[in-house]
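Scroll down for the structure; my scribbles are underneath it.
The values are calculated or read from the model by the stated rules, or taken from the named source; none is laboratory data. As the structure is a prediction and not an experimental result, all values here were calculated from the model. We place every Cβ from the backbone using ideal geometry, glycine too, and count neighbours over all the protein chains shown. Ligands, DNA and RNA are excluded from the accessible area calculation, which covers all protein heavy atoms including side chains. Shrake-Rupley method; radii C 1.70, N 1.55, O 1.52, S 1.80 Å.
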Amino acid sequence: IAILEAMQQIIKDCDDALIHAKPFVHEIVEQVIEEMTISKDLLPEWQEPASEVLVALSKKFCNDVMEELTQKIQPSVLPHFFVLQTMGNMATNNAYDMVPFLNAIITQTLTFLGLAKLDNIRWVIAFSLAKFCEAIQEYLANPDKASDPSVTTQAFSSYVFSADEVLFGSWLQTKEPKLRIAVIDALSQMVHIIDRSSFESNITRLLHGIIAQYK
């Protein structure tokens with residue numbers, strides 16, 4: 001844990017000098033992901049520092065980090081909690097490099113939504129979807145910074161709508177307040193990505209469901 005915390009601080013402090021670490025980045029990322037995922041149990045005091053190292057590295061080496069992280073996302077298999085949390089935080093910290101990966105990530109997320117039965121994994125899925133949708137909005141709002149200015153909400157709309165149906169139709173009914181808050185936060189970001197006709201056809205149901213939460 002101390003080594004991981006030191007690595008994170010060094011990465012933050014080095015900033016532009018990190019370019020000299022390029023030959024070693026792949027090896028570092030591999031090792032840190034191994035540290036983060038070697039235990040299937042949630043051990044935040046250990047896994048959180050590893051996740052933060054990856055987020056810090058992704059500011060300069062997003063492709064390298066995602067090349068390894070995406071290998072931990074398999075169709076119809078629940079990923080490790082911290083793999084999703086790391087991707088969500090990476091999207092927040094570096095929208096312009098992350099958005100090109102998000103179509104594939106959100107598509108794969110749909111394949112394991114039905115497998116998520118525990119509140120903690122549902123929470124991190126909702127958390128990451130909220131961060132992904134925030135990143136998409138930032139990316140589209142600043143086409144001059146985007147690596148591919150031709151990207152539009154249409155590329156993500158149908159996949160986000162499918163996720164919205166699960167989160168709103170099922171997960172929002174949970175008795176766990178922390179999960180309900182995460183779901184509402186995700187929905188508040190997802191509505192910006194869903195195409196207007198799908199949104200308008202569901203607006204009454206959505207309003208009734210959200211207003212009911214005030215009870």
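Can you find, within the range 164-177, the residue that is farthest from the chain's Cα centre (by Cα) among those that are assigned to a helix (DSSP H, G or I) and closer than 13 Å to Gln213 by Cα?
Step by step, filter the range 164-177, then rank; the result is Gln173.
For the range 185-207, does any single residue satisfy the condition of being modelled with pLDDT under 90, farther than 29 Å from Pro44 by Cβ and not in a helix (DSSP H, G or I)?
Checking the range 185-207: at least one residue is modelled with pLDDT under 90, farther than 29 Å from Pro44 by Cβ and not in a helix (DSSP H, G or I).
For Lys145, which of the numbered conditions (1) charged (D, E, K, R); (2) under 18 Å from Ile106 (Cβ atoms); (3) outside any helix (DSSP H, G or I) fails to hold?
Unmet for Lys145, out of (1) charged (D, E, K, R); (2) under 18 Å from Ile106 (Cβ atoms); (3) outside any helix (DSSP H, G or I): (2).
So Tyr139 clears everything in (1) surrounded by fewer than 20 Cβ atoms within 10 Å (Cβ to Cβ); (2) under 18 Å from Asn103 (Cβ atoms); (3) of a type in the set (Phe, Trp, Tyr) except one condition, right? Which one?
The number of the failed condition is (1).
I'd like to know if the range 84-101 contains one or more residues that are over 27 Å from Ser150 (Cα atoms) and either buried (at least 18 other Cβ atoms within 10 Å of the Cβ) or of a type in the set (Val, Ile, Thr) (or both). Steps first, answer last, please.
At the first step, the residues of the range 84-101 found to be over 27 Å from Ser150 (Cα atoms) are 85.
From what's left, either buried (at least 18 other Cβ atoms within 10 Å of the Cβ) or of a type in the set (Val, Ile, Thr) (or both): 85.
Yes.
Looking at the range 59-72 only, could you name the residues that are over 12 Å from the mean Cα position of the chain (by Cα) and closer than 27 Å to Leu118 by Cβ?
Val65, Glu68, Gln71, Lys72
Only residues in the range 1-19 that are over 21 Å from Leu43 (Cα atoms) count as the first member; pair them with residues that are open to solvent by 50 Å² or more (accessible area, probe 1.4 Å), Cβ under 6 angstrom, at least 6 apart or cross-chain, and list the lot.
Close Cβ pairs (under 6 Å, with a partner that is open to solvent by 50 Å² or more (accessible area, probe 1.4 Å)) amount to Leu18/Lys60.
Which residue, of Val151, Val124, is not in a helix (DSSP H, G or I) and not aromatic (Phe, Trp, Tyr)?
After applying the criteria, what remains is Val151.
Mind checking which residues of the range 134-181 are without any contact (Cβ under 8 Å) to a residue 24 or more places away in the chain and basic (Lys, Arg)?
Matches in the range 134-181: Lys175 only.
Quick one: which of Ile194, Ile211 is of a type in the set (Val, Ile, Thr) and open to solvent by 50 Å² or more (accessible area, probe 1.4 Å)?
Answer to the check: Ile211.
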